[in-house]
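**Q** One structure is given below, represented as structure tokens, and several questions about it will come after.
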Amino acid sequence: MGVADNVLKDLELKVDGRGYAGNIESFKPPKLSLKTNDHRAGGMDTSVAVEMGMEPLEASFVLTGHFPEVLTLWGVAVGEKPQMTARGSVESWDGTVTPVVINMRGLISDIEDGDWKPGESNTQTFTIKLDYYKREQGDVVLHEIDVRNMVRKINGVDQLEERRKALGL
């Protein structure tokens, strides 16, 4: 019989160094998706996927309440993009707790207010277009993607190192 293992039990979010414990309703990490082209040539019965880079990285979070210090980060120019850190507490079936840390940098591109209703809490959803993303679980760096510096590390292996060398970067 299976037992739930490595279950996310809690989360915290920091935006530009400020914590939002008690006000972070949810966080959605970026979807990691490779861009591919189908290739089929003579002598092939079907096509094969050829990796052509990554799809854009986008994350989002929902806060309860109205926070001017986050609202004013919307549309901030290049070079001033806010740093964000999402932290999760993952617990295994034997009670072992492991931190999951996601560090991000990007442009807050969208802010969507929830409905305003008297006597009910209100939420705001923020969408971030990322140019940096790093995910750690325990002591292991699972992913590190630095778009501007052409770095894509998966489990410690930089998949773009040889491409950078070929380009003289």
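**Q** What's the percent breakdown of Cα-Cα distances in the chain across 10 Å bins, shortest bin first?
**A** Bins of 10 Å from zero give 9, 30, 30, 20, 9, 2, 0 percent of pairs.
**Q** Ok, one more. Return the long-range amide H neighbours of Leu160 (sequence gap of 5 or more, or a different chain), with a cut-off of under 5 Å between placed amide H atoms.
**A** The list, which skips near neighbours in sequence, is Arg152.
**Q** Okay, moving on. Per residue of region 125-139, in order, report the coupling 6.51 cos²θ - 1.76 cosθ + 1.60 (Karplus, θ = phi - 60°) as ³J(HN,Hα) in whole Hz, putting x for Gly and Pro.
**A** Each residue of region 125-139 in turn: 9, 10, 10, 10, 8, 8, 10, 8, 8, 9, 10, 10, 10, x, 9 Hz.
**Q** Cα centroids of region 1-75 and region 119-169: how far apart, whole angstrom?
**A** Each part's Cα centre sits 10 Å from the other's.
**Q** Sticking with this one: One quarter of the convex hull surface, Cα atoms only: what value does that give for region 1-70 in nm²? It would help to have the intermediate numbers written out before the result.
**A** Values: hull surface 37.9 nm².
For region 1-70, the mean projected area of the Cα convex hull comes to 9.5 nm².
**Q** If we count every other residue with Cβ under 14 angstrom of Leu160's Cβ, Lys/Arg +1 and Asp/Glu -1, where does the sum land?
**A** +1
**Q** Quickly estimate the mean residue ellipticity at 222 nm for the chain, helices only: each DSSP H run with n ≥ 4 gives -39500 (n - 2.57), and the total goes over all residues, rounded to 500. Present the calculation step by step, with values, prior to reporting the outcome.
**A** On the way: 2 runs with 11 residues, N = 169.
Calculated at 222 nm, the ellipticity per residue is -1500 deg cm²/dmol.
**Q** In Å and from the alpha-carbon atoms only, list the Rg and Dmax of region 98-169.
**A** Calculated on Cα positions, Rg and Dmax stand at 17.8, 61 Å.
**Q** What is the spin-label model distance, in nm, from Glu91 to Thr125 if the labels are put 7 Å beyond Cα along the C-beta direction?
**A** Each label point is offset 7 Å from its Cα along the Cβ direction, giving 2.9 nm.
**Q** Could you give the length gained on full extension between Glu51 and Glu69, defined as 0.36 nm per residue of separation minus the Cα-Cα distance, in nm?
**A** Working: separation 18, 0.36 × 18 = 6.48 nm, distance 3.95 nm.
So the chain would gain 2.5 nm between Glu51 and Glu69.
Coordinate-derived values only; no laboratory data. Worth saying up front: this structure is predicted, and the values here are computed from it rather than measured. No Cβ is skipped: glycine too gets one built from the backbone with ideal geometry, and neighbour counts run over all protein chains shown.
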